[in-house]
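In what follows, a structure is listed as structure tokens, so that the remarks can point back to it.
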Amino acid sequence: MRSFKVIRDPAAFELLADETRRRVIYLLRAKEMTVAQIAEELKLTPQAIYHHIRKLKDADMVEVAREERVDHFIETYYQATAEMFNLAHGQAGSTKVLEQEVQEALGALDKLGLKADVDAATVSRVVDLIKRMKEPDANSPWMEKVNELSEVSYLGKQELLEFTYLMSISDHEFEEFLKCYRELRKTLRATLREPPASSKKR
């Protein structure tokens, strides 16, 4: 398994727009699993999982790790082709996936009791700000070094990349990052019909 892989193919972006496929990749980054094991974990049928595996395999995001004979059957174990996948935001397909994720997240605000009015312009604005704030990408000089640290967990690597990014950028770049973050907060709060309750405990 490679340490990381940059995804630029618009067809791959379309695959990642599906939540089940994202969950499959998440599982296969952690360990090798069979279709039956994935199906049990995700509470889906083996037929449905095999359909997703085939598409991910064709996109070179999943591969056969090994095969094992069990009685008269051959069990195939799959794994992700990389520990970390980096979406090359800025590509048309990547933007579409990001738009779908933002739309889904904003649409779920009501379920938290946050009454919000979200339109296409708001989604587009949020996506633009997130892309401008994107930290660090595959061109980061730290990416390969961090991914070679086998003793650090996946989530630990994500945090480490963010730390090195914040320590490496210039004061001007940091101010631009903060400017975007403030604008993102302003944009999100503008969607609310009423101010949110304070998160502080009284």
Legend entry - Per-region count, the stretch 50-77, residues aliphatic (A, V, I, L, M) and in a loop (DSSP other than H, G, I, E, B): 2
Legend entry - Segments classed as helices (runs of 4 or more DSSP H), wholly inside the stretch 7-49, with at least 2 members that are modelled with pLDDT under 95 and surrounded by 15 or more Cβ atoms within 10 Å (Cβ to Cβ): 10-16, 19-30
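The values are calculated or read from the model by the stated rules, or taken from the named source; none is laboratory data. In this text the structure is predicted, and so the values were computed from the model without any measurement. Positions of Cβ are backbone-derived with ideal geometry, glycine not excepted, and every protein chain shown enters the neighbour counts.
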